[in-house]
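Engineer: Sharing a structure with you now.
Computed from the coordinates by the stated procedures, all read-outs in this text should not be read as laboratory data. None of the values given here were measured: they were computed from a predicted structure. For neighbour counting, all protein chains shown are included, and Cβ atoms are generated from backbone atoms with ideal geometry for every residue, glycine included.
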Amino acid sequence: MNGVELRKQRIRGFEQEPPRQLCIIGGGATGAGAALEAWVRGISFYWISSGDIGEGTSSRSTKLLHGGIRYLAQGEFSLVKEALQERQWMLKTYPKFCTKQRFILPAQNHWQAITYRLGLWWYDQKAGLPKNERHSYLNKGRFLDALPGFNGKATKGLSYLDATFADQGFLSALWMEMDAHSPHVLNHTRVCGLKASGNTWEIRGIDEFDGAPFCLTANHVLNATGPESIKNMEEWGFTCPHRMVWSQGSHLLLKGNFVDWKQALVVPVRQGRVFFMVPWQNKWLAGTTEAVLNEFPKIPEPKKEEVQEILDSIEEFVGKRPNKQEVLGQFSGIRPLVSLGGKSGKKASFLSRKHLVINHAPGLVSLLGGKWTIFRKMGEDGLKALFKEKLPPLVKDYPVLEPLTGIPDDRSKIDAHYYKTRGAALFPDDLVFRRFSSGLEDIPDYLNHREEWWSWWWAQAPDAEKQKEKKRLTSYLFKASVDQEPQQD
Ligand SMILES: Cc1cc2nc3c(=O)[nH]c(=O)nc-3n(C[C@H](O)[C@H](O)[C@H](O)COP(=O)(O)OP(=O)(O)OC[C@H]3O[C@@H](n4cnc5c(N)ncnc54)[C@H](O)[C@@H]3O)c2cc1C
């Protein structure tokens with residue numbers, strides 16, 4: 001049986017079941033938090049997503065587990081404290097996916113250094129860090145030892161601890177482990193409507209592969225569709241007092257030898273934003289931006305101005321611009337920022353990153369906003385709002401997860417066996433990028449060989465799907481050669 005038939009069998013099986021306790025709509029960090037908390041409480045659930053699990057914003061973040069020092073400056077103390085506690089929980093529970101990372105915050109004068117120290121003292125206290133991990137002051141010598149060749153105005157700074165994590169790798173490992181124990185995932189399926197019938201909800205949708213309709217039933221529904229949450233609720237016939245601001249953030253991924261810095265850089269730039277250069281999987285991640293969009297894009301891609309802005313910041317702080325060969329790829333994600341009461345006028349960077357629970361009807365809740373770092377806490381809050389005093393206690397340990405293996409060197413070896421067993425992969429890029437831990441640098445190679453490596457998919461996929469797959473992948477390619485200013489090599 002091929003992957004498409006297996007998938008149909010799964011949908012048919014789900015349709016014939018009695019109602020499960022919960023249906024989570026949205027396969028990103030928010031849905032993952034709810035799924036994880038449902039799992040440890042023994043709640044039966046479906047987890048449905050359009051696109052592949054993790055294809056949305058949740059694989060397009062800055063990959064930080066952090067309290068967020070810039071939110072301190074905005075007075076968001078409770079958000080930062082909660083995120084620091086969750087950061088520590090992730091480091092303890094899933095150490096194989098998380099890496100402690102020291103960041104340098106440059107200071108231009110003594111007064112700034114003192115203010116930063118005060119904030120970082122609080123930051124370390126709330127995380128409960130041991131003495132040897134707390135922040136430290138770097139004089140000129142130590143500052144330049146850590147960031148050789150730093151080109152900004154500052155000559156001293158503060159070094160403090162946060163963490164990076166493999167966002168997509170963690171999400172894939174999590175859902176595949178839970179799904180292997182009890183199947184609950186339906187990817188590439190779009191929910192189009194909800195209907196209450198007694199104490200059950202009918203969840204109607206379509207299979208994105210061939211447009212076939214389906215209907216599942218559950219007693220509770222959690223809308224965790226990220227940036228599309230409010231738009232979806234309105235399309236499904238519910239009202240929402242708030243407005244979603246689609247704030248696109250972009251990154252460039254640079255070769256590991258672009259700089260020989262020993263620590264990551266975080267530096268305030270314009271309008272409440274910060275610029276990051278973060279070592280990530282032996283490369284450097286540079287970003288990010290805030291570009292507010294009027295329409296939700298099918299495939300988010302960095303705008304020309306965003307790429308220029310990142311290249312300018314790199315030049316400002318590193319003292320050189322990367323050439324085409326040094327940029328391995330680009331990606332953009334859409335922040336699910338909520339403007340309370342639908343107010344307009346506030347800059348996206350000043351909108352709160354706090355999450356929000358909206359009760360639409362008995363047994364129907366939306367979980368909006370938030371951050372990857374607090375995904376578990378968000379999930380818990382969503383379930384508390386749905387189940388209220390009937391929320392079951394923890395009955396299981398959090399699942400033990402192993403990092404995903406890399407893609408085999410000989411791609412032709414990835415045959416139908418992988419297709420069937422590596423959890424509901426419908427498109428080759430589901431497998432390459434979200435079941436195996438392949439990176440952006442492999443995309444050009446993959447695009448050149450995909451028909452030969454994935455002949456089993458090519459034989460059955462409609463042309464439109466092949467085109468969509470190509471579009472998704474090319475959105476990750478750095479297009480400086482065609483639409484950016486000429487750069488010196
Ligand atoms: C540039 C950028 C950098 C960031 N950096 C960090 C960071 O370093 N650390 C951090 O903690 N947070 C960070 N964040 C925030 C974090 O990434 C997001 O808060 C989080 O990923 C949002 O997850 P989500 O599940 O709500 O949304 P998504 O990941 O977008 O998931 C929503 C899912 O719902 C699906 N969906 C939509 N409509 C339907 C429908 N009708 N039916 C079925 N499914 C549907 C979508 O396909 C999607 O898969 C960053 C965000 C951005 C944009």
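Engineer: Ranked highest first by average number of other Cβ atoms within 10 Å, how do 323-332, 448-457 line up?
Structural biologist: Put in order of decreasing packing, that is 323-332, 448-457.
Engineer: In Å, what Kirkwood hydrodynamic radius results for the chain from the alpha-carbon pair distances?
Structural biologist: Result for the chain stands at 23.5 Å.
Engineer: Per-residue ellipticity at 222 nm for the chain, helices alone: DSSP H runs ≥ 4 residues times -39500 (n - 2.57), over residue total, nearest 500 deg cm²/dmol?
Structural biologist: Helix-only estimate at 222 nm: -10000 deg cm²/dmol.
Engineer: A further question on this structure: Which peptide among 169-180, 206-217 comes first, and what is the full order, when sorted by highest mean count of other Cβ atoms within 10 Å?
Structural biologist: Top of the packing list down: 169-180, 206-217.
Engineer: Under the 0.36 nm per residue contour assumption, what length would be gained going from the current alpha-carbon distance of residue 235 and residue 293 to full extension?
Structural biologist: 18.9 nm
Engineer: If you fit an axis through the alpha-carbon atoms of helix 463-474 and take the longest principal axis of the Cα set of the chain, what angle between them do you get, 0 to 90°, nearest 10?
Structural biologist: So the helix axis and the longest Cα principal axis differ by about 20 degrees.
Engineer: Could you list which residues have their amide H under 5 Å from that of residue 208, counting only those 5 or more apart in sequence or on another chain, with H placed in the peptide plane?
Structural biologist: Here 189, 190 satisfy the definition.
Engineer: Working from Cα positions, state the angle (0 to 90°, nearest 10) between the long axis of helix 167-181 and the longest principal axis of the chain.
Structural biologist: For helix 167-181, the angle is close to 30 degrees.
Engineer: Highest first, please rank the peptides 251-259, 280-288, 105-113 by the mean number of other Cβ atoms sitting within 10 Å of their residues.
Structural biologist: Highest-to-lowest ranking by the protection proxy: 280-288, 251-259, 105-113.
Engineer: Each label point is 7 Å from the Cα along the Cα-to-Cβ direction; what then is the distance between the points at residue 122 and residue 140, in nm?
Structural biologist: Placing both labels 7 Å along Cα→Cβ, they lie 3.2 nm apart.
Engineer: Calculate how steeply helix 29-40 sits against the longest principal axis of the alpha-carbon atoms of the chain, using the helix alpha-carbon long axis, and give the answer as 0 to 90 degrees to the nearest 10.
Structural biologist: Compared with the principal axis, the helix lies near 60 degrees.
Engineer: Next question. Go through the stretch 257-267 residue by residue and turn each phi into a ³J(HN,Hα) via Karplus (6.51, -1.76, 1.60, θ = phi - 60°); whole Hz please, and just put x for glycine and proline.
Structural biologist: So the Karplus estimates, Gly and Pro as x, are 9, 5, 9, 10, 6, 8, 10, 7, 10, 10, 9 Hz.
Engineer: At a Förster distance of 41 Å, what's the computed FRET efficiency of residue 243 paired with residue 325, Cβ-Cβ distance as r, to 0.05?
Structural biologist: The calculated FRET efficiency here is 0.45.
Engineer: Once Rh for the stretch 26-98 is found with the Kirkwood sum over Cα pairs, what is the Stokes-Einstein diffusion coefficient at 25 °C and 0.890 mPa s, in µm²/s?
Structural biologist: 175 µm²/s
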